[in-house]
Amino acid sequence: MKLPATPAFTLHGKRALVTGATSGIGLGAATALARAGAHVVAVARRPAPLADLAQAMADEGLSCETLALDIGDVTATRAAFEAMEAPDIVVNSAGLARHGPALDTTPEDFDAVMHVNLRAAYFLSTAAARQMIAAGKRGAILHVSSQMGHVGGIDRGVYCASKHAIEGMVKAMALEWAKAGVRINTLCPTFIRTPLGEQTLKDPARRAWIEDKIKLGRVGEIEDIMGAVVYLCSEASALVTGTSLLVDGGWTAD
C-alpha cells in the first residue's frame, strides 16, 4: 500500500505581503508566515513600528522587508503592487471598528469603517490578484474578517455590515479567479486579546457575555490564529477558496 503524501505547510520561497502587520492579528500573521519560511513584506501606515518589527524579525533570523502604506489610498496601493515583485500570498489584517448603538451611528462613522474594512479590502484584493495572474502565480489572498461576518453583535451594526460584505465579496472574487489558480478566503476569529479589543474586554459585563458565548470558555489569543493563517496560505489548503475558517471557540455553533 502506498500512503498519500501530506501537503506541505512550508512556505519557503514564497513572498507574503501582510497589511496591519505591526500589531494584533496582523503581527501574528506576519510572524507565522515568516517562521513557515516566507519572505514577508510587512505593511502598515507608520514607519516606526515597522522598523521595530523588522528588527524583531531579524533578531530571530526571519526574512522581512517593510512598506509604509495606507491601504485606504487605492491609488498608492495599486502603485505599490505595480512596483514590487508579485506576491504569492497576501494577508489583509488592516481594520477599523467604531462600535455603538445603530441609532447613534453617524454617516462619518459608517464611511470610516467601510472605507477601511470594505473599500480598501476590495481594491487591495484586485491589485494583488492582478499581479498574481500576470505573473502566472497560483496565489493565496486571505482577509481577516470576523465571526461578526456570520452573526450579529451588540453595538456592532456598522462593523457587522462591513464584515458580512467581505464574506460576499470573497465568494464572488473566488469564482472569478479560480480558473487562474488564485484562491481567496477569510479567517473569522472571535474576540482576540489585541490592543483593539482590550477596551471591550475591560468591561466586566461585556467580558462575561463574551466568555459565555465562546463555548471553549476563554477569549482568544494571537497564537490561536497563527496556525490557521499558515494553513490557508499554504499548499495544505490548495482546494480551499471562497470560504471562511471560523476560529471562534464555538461562538457560531449555536
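Coordinate-derived values only; no laboratory data. This one's a predicted model, so the numbers in the text were calculated from it and none came from an experiment. All Cβ positions, glycine included, derive from the backbone under ideal geometry; neighbour counts span all protein chains shown.
Taking the C-alpha atoms only, the angle from helix 24-35 to the longest principal axis of the chain is near 20 degrees. Gain on full extension, evaluated as 0.36 nm per residue between A208 and D70 minus their Cα-Cα distance, stands at 46.1 nm. Given axes a ≥ b ≥ c from the Cα gyration tensor, I'd like to know whether the chain is rounded (a/c under 1.5), prolate (a/b larger than b/c) or oblate. Since a/c stays below 1.5, the shape of the chain is classed as rounded.
The alpha carbon gyration tensor of the range 103-152 gives principal lengths a ≥ b ≥ c with a/c of 1.5 or higher and a/b no greater than b/c, which makes the shape oblate.
How large is Rg over Rh for the range 10-98, taking Rg from the Cα atoms and Rh as the Kirkwood inverse mean of 1/r across Cα pairs? Answer for the range 10-98: 0.95. Mean-square fluctuations from a GNM of the chain, with a 10 angstrom spring cutoff on Cα atoms, peak among A58, A29, A238 at A58.
Which shape class, rounded, prolate or oblate, goes with the range 138-254 when its Cα gyration tensor gives a ≥ b ≥ c as root eigenvalues, a/c under 1.5 marks rounded, and past that a/b bigger than b/c marks prolate? Prolate shape, in that a/c is at least 1.5 and a/b is the bigger ratio. Modelled spin labels at R193 and K215, positioned 7 Å past Cα toward Cβ, are 2.3 nm from each other. Helix 223-233 axis versus longest C-alpha principal axis of the chain: approximately 40°, rounded to the nearest ten.
When the Cα positions of A161, P47, G227 are compared along the charge dipole of the chain, G227 comes out farthest toward the positive end, with charges on each C-beta of Lys, Arg, Asp and Glu.
Each Lys and Arg adds +1 at its Cβ and each Asp and Glu adds -1 at its Cβ; summed about the Cα centre, the range 15-244 shows a dipole of about 520 debye.
As a length-normalised measure over Cα pairs under 8 Å and 6 or more apart, the relative contact order of the range 15-244 settles at 21 percent.
Placing pseudo-labels 7 Å out from each Cα toward the beta carbon at M1 and R78 gives an inter-label distance of 5.5 nm. What number comes out for the charge environment of M57, summing +1 per Lys or Arg and -1 per Asp or Glu over other residues with Cβ under 12 Å away? With Lys, Arg at +1 and Asp, Glu at -1, the net is -3.
A simple packing score, the average count of other Cβ atoms within 10 Å per residue, orders the peptides 60-66, 154-160 as 154-160, 60-66, with the highest score first. As a quick test, which of the pairs K163/K202; K163/K215; K137/K213; K137/K215 have an alpha carbon distance above 29 angstrom in this structure? From K163/K202; K163/K215; K137/K213; K137/K215, over 29 Å: K137/K213; K137/K215. Quick one: angle between helix 121-134 and the longest Cα principal axis of the chain, in degrees between 0 and 90, rounded to 10, please. Result, in degrees: 10.
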